[in-house]
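Before any comments, here is the structure.
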Amino acid sequence: MSITANERAELCDLFQQVGPDAPTLCEGWTTRDLLAHMLVRERRLDAAAGVVVPFLRQHAADVTKSIAAQPWETMIQTFREGPPLWSPWAIPVAGDKANLAEFFVHHEDVRRAQPDWEPRPDDPARDDALWAPLKLVGRLLFRKSPVGVTLRSAGRDDIVAKKADADKGGRAVVLVGLPGEILLHAFGRPLDKARLVVQGEPDDIAAFEASERGM
């Protein structure tokens with residue numbers, strides 16, 4: 001089983017464990033809302049486009065509402081079965097790579113919204129796989145930072161997600177931690193839900209933390 005497939009299976013198990021009304025780290029969303037979002041993304045490309053195409057947003061909302069009205073067990077089983085064959089997410093290898101960050105982040109959105117959560121045990125293979133999307137889209141995720149951003153994880157080459165601006169004094173921060181923890185923060189999850197260290201001058205750290213992150 002691939003790392004991405006394992007994330008899917010474990011997330012489905014967790015959905016069953018916590019039920020449809022559990023909180024998540026996605027503001028305003030219960031687990032039912034989150035799973036409906038994931039099903040729309042994977043199975044209704046016409047509606048998923050509403051994330052970026054304004055005139056499709058109402059259609060996306062209607063489709064999401066319809067999916068969310070399904071029985072909870074049906075929703076879980078549908079997601080567990082994976083994407084339909086016609087979906088681009090079903091392409092071997094490519095689908096796995098494209099889904100890994102999404103599945104990991106949303107898996108942790110459920111885990112870390114529960115009381116007394118703890119990070120999962122280290123998994124070097126998973127960590128290496130999660131470093132890859134940071135290399136690809138780190139600049140996009142940190143594009144709104146007013147200071148430079150470098151990502152650092154032991155045993156891996158640094159990623160410069162945003163270059164420091166020399167005209168602004170070269171202000172910058174360094175995020176240090178495991179790839180999954182950095183990825184969560186890159187997608188906008190707060191520091192109290194991600195185990196990493198932000199290094200830099202206090203004013204630079206404050207400016208970075210106040211900035212919007214994610215897609």
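Brief remarks on what is shown
- Segment residue 207-residue 61, length gained on full extension (0.36 nm per residue, minus Cα span): 49.2 nm
- Each residue of the range 129-205 gets 87 Å³ once the volume of the Cα convex hull is shared out per residue.
- Across the chain, the convex hull enclosing all Cα atoms gives 134 Å³ per residue.
- Evaluating 6.51 cos²θ - 1.76 cosθ + 1.60 at θ = phi - 60° for every residue in the range 35-41, the Karplus couplings come out as 5, 4, 4, 5, 5, 4, 4 Hz, glycine and proline recorded as x.
- Around residue 189: net Lys/Arg minus Asp/Glu count, Cβ-Cβ under 14 Å: -3
- GluC sites (Glu not before Pro), loop per DSSP, at most 16 other Cβ atoms within 10 Å - longest free stretch of the chain: 82-211
- For the range 155-215, the list of trypsin sites (Lys or Arg not before Pro) that fall in a loop by DSSP and count at most 16 other C-beta atoms within 10 angstrom reads 156, 163, 195.
- Remark: the chain carries 52 Å² of accessible area per residue (probe radius 1.4 Å; ligands, DNA and RNA excluded).
- Under the simplified labelling scheme, the residue 69-residue 5 pair shows an inter-label distance of 3.5 nm, with each label point 7 Å from Cα along Cα→Cβ.
- Working note: Karplus 6.51/-1.76/1.60 with θ = phi - 60° gives the range 169-185 the couplings x, x, 4, 7, 10, 10, 9, 10, x, 5, x, x, 5, 5, 4, 4, 5 Hz, where Gly and Pro are set to x.
- Accessible area of the chain belonging to carbon and sulfur atoms, whole % at 1.4 Å probe: 56 percent
- Distances between placed amide hydrogens fall under 5 Å for residue 173 paired with 148, 149, 150, all partners being 5 or more residues away or on another chain.
- Under 19 Å from the Cα of residue 163 - lysines, other chains or at least 8 residues apart: 135, 144
- For the range 38-159, convex hull of alpha carbons as volume per residue, Å³: 169 Å³
- Placing a label point 7 Å from the Cα of residue 120 along the Cα-to-Cβ line, the residues of the range 144-182 whose backbone N sits under 20 Å from it are 153-154, 177-182.
- The modelled label-to-label distance between residue 199 and residue 77, using points 7 Å beyond Cα along the C-beta direction, is 5.2 nm.
- Cα point-scatterer Debye curve for the range 1-105, base-10 log of I(q)/I(0) at q = 0.16, 0.23 Å⁻¹: -0.71, -1.42
- Hz values of 3J(HN,Hα) by residue in the range 93-98 - Karplus curve (6.51, -1.76, 1.60), Gly and Pro given as x: 6, 4, x, 4, 5, 6
- Coil-residue chymotrypsin sites (Phe, Trp or Tyr not before Pro) of the range 55-128, DSSP, other Cβ within 10 Å capped at 13: 86, 117
The values are calculated or read from the model by the stated rules, or taken from the named source; none is laboratory data. Bear in mind the structure is a predicted one, so any value in this text is a computation, not a measurement. Note: ideal-geometry Cβ built from the backbone for every residue, glycine included; neighbour counts use all protein chains shown. Note: areas computed on protein heavy atoms with side chains; ligands, DNA, RNA excluded. Shrake-Rupley method; radii C 1.70, N 1.55, O 1.52, S 1.80 Å.
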